[in-house]
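Structure, as structure tokens:
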Amino acid sequence: MRKQWDTEKKLYTLCILTEDTPGILSQVARLFSRKGYNIESIVSGATDRPHTARISIELLADELVVNQLATQCRRLLGVQAVKIFDEETCIRREIALIKVRAADHGTRDEIIQMTNIFRGHIIDVDKASLTVWVFGSQSKNAALIQMLEDFGILEIAKTGTIAIERGRSTIYDESKLKEEYEYGKNVL
């Protein structure tokens, strides 16, 4: 019986566990570029295991495309595991740094109160500006940015989205068999 694929495009996150070696991030990104898919967000960082990195890639695609890309990623040398997350199966977060114009005390007080409501922090104060740090979902950060636009945003820097699966499952559950992984390294 064939699986019916959902052809509706939505936001997916691919979490990829890799060896922490130079060039692995560009190797993964090139795969998406060669296939003609735009990466909405990409983040790479350390994990709880030595010499292992985790790459989170967010893309707008349908279910068939995401599954094909995940399969292609699994075939790359140095990739240990790939998991596909959608909005229902994971927790997604990003960090935003927002520099806002704040020339007087009244404006600063309003920005500080607004930042507190969104559980953000003021991390830099200047006579003419405040820098706000906020950590949360994309929608929460976008809402704060929209509120701060009235004061005059001078600059925004955002990280890509990081994601982790809800519940007890981990990315390690999807790891390649050790023998298969070692065989691939020894053949080449």
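The values are calculated or read from the model by the stated rules, or taken from the named source; none is laboratory data. As the structure is a computational prediction, the values presented were derived from the model and not from experiment. A quick note on method: Cβ atoms are made from the backbone with ideal geometry, for glycine too, and the neighbour counts reach across all protein chains shown.
Is it fair to say residue 53 is closer than 24 Å to residue 32 by Cα, in contact with a Lys or Arg (Cβ under 8 Å, 6 or more places away or on another chain) and either crowded, with 18+ Cβ neighbours inside 10 Å or among the aromatic types (Phe, Trp, Tyr) (or both)?
Judged against the criteria, residue 53 is not a match.
Any residue in the stretch 30-44 that is touching a residue at least 24 places away in the same chain (Cβ under 8 Å) and β-branched (Val, Ile, Thr) sitting within a Cβ distance under 8 Å of a residue that is in a helix (DSSP H, G or I) and surrounded by 11 or more Cβ atoms within 10 Å (Cβ to Cβ)? List the pairs, counting only those 6 or more apart or interchain.
42/25; 42/29
Please determine, by comparing only the residues of the stretch 158-174 that are modelled with pLDDT under 90 and β-branched (Val, Ile, Thr), which one is nearest to the chain's Cα centre (by Cα).
171
In the stretch 121-142, what residues are under 19 Å from the mean Cα position of the chain (by Cα) and either surrounded by 15 or more Cβ atoms within 10 Å (Cβ to Cβ) or of a type outside the set (Gly, Ala, Ser) (or both)?
Start the filter on the stretch 121-142 by keeping residues that are under 19 Å from the mean Cα position of the chain (by Cα), which leaves 133-142.
Matches in the stretch 121-142: 133, 134, 135, 136, 138, 140, 141.
Do we find a residue being among the polar types (S, T, N, Q), assigned by TED's automatic domain parsing to the domain that holds residue 148 and either out of contact with any strand residue (DSSP E or B) (no Cβ under 7 Å at 6 or more places or on another chain) or outside any helix (DSSP H, G or I) (or both) anywhere in the stretch 67-88?
Kept after step one, since they are among the polar types (S, T, N, Q), are these residues of the stretch 67-88: 67-68, 71-72, 80.
With the extra rule that they be assigned by TED's automatic domain parsing to the domain that holds residue 148, the set shrinks to none.
No, every residue in the stretch 67-88 fails to be among the polar types (S, T, N, Q), assigned by TED's automatic domain parsing to the domain that holds residue 148 and either out of contact with any strand residue (DSSP E or B) (no Cβ under 7 Å at 6 or more places or on another chain) or outside any helix (DSSP H, G or I) (or both).
Exactly one of (1) modelled with pLDDT under 90; (2) surrounded by 12 or more Cβ atoms within 10 Å (Cβ to Cβ); (3) more than 19 Å from the chain's Cα centre (by Cα) is unmet by residue 34. Its number?
Among (1) modelled with pLDDT under 90; (2) surrounded by 12 or more Cβ atoms within 10 Å (Cβ to Cβ); (3) more than 19 Å from the chain's Cα centre (by Cα), the lone unmet condition for residue 34 is (2).
Would you tally the residues in the stretch 117-145 being assigned to a helix (DSSP H, G or I), closer than 16 Å to residue 102 by Cα and of a type outside the set (Val, Ile, Thr)? Can you show your working first?
Filtering the stretch 117-145 for residues assigned to a helix (DSSP H, G or I) gives 117, 138-145.
Among the residues that remain, those that are also closer than 16 Å to residue 102 by Cα are: 144-145.
Of the ones still in play, those that are also of a type outside the set (Val, Ile, Thr) are 144.
Selection size over the stretch 117-145: 1.
Could you tell me which numbered condition residue 44 fails, if it satisfies all but one of (1) within 30 Å of residue 123 (Cβ to Cβ); (2) of a type in the set (Ser, Thr, Tyr); (3) loosely packed, with under 12 Cβ neighbours inside 10 Å?
If we test residue 44 against (1) within 30 Å of residue 123 (Cβ to Cβ); (2) of a type in the set (Ser, Thr, Tyr); (3) loosely packed, with under 12 Cβ neighbours inside 10 Å, just (3) comes out false.
May I ask you to verify whether residue 48 is modelled with pLDDT of 90 or more, out of contact with any Leu (no Cβ under 9 Å at 6 or more places or on another chain) and part of a loop (DSSP other than H, G, I, E, B)? First the steps, then the outcome.
On the way: modelled with pLDDT of 90 or more: yes; out of contact with any Leu (no Cβ under 9 Å at 6 or more places or on another chain): yes; part of a loop (DSSP other than H, G, I, E, B): yes.
Yes, satisfied.
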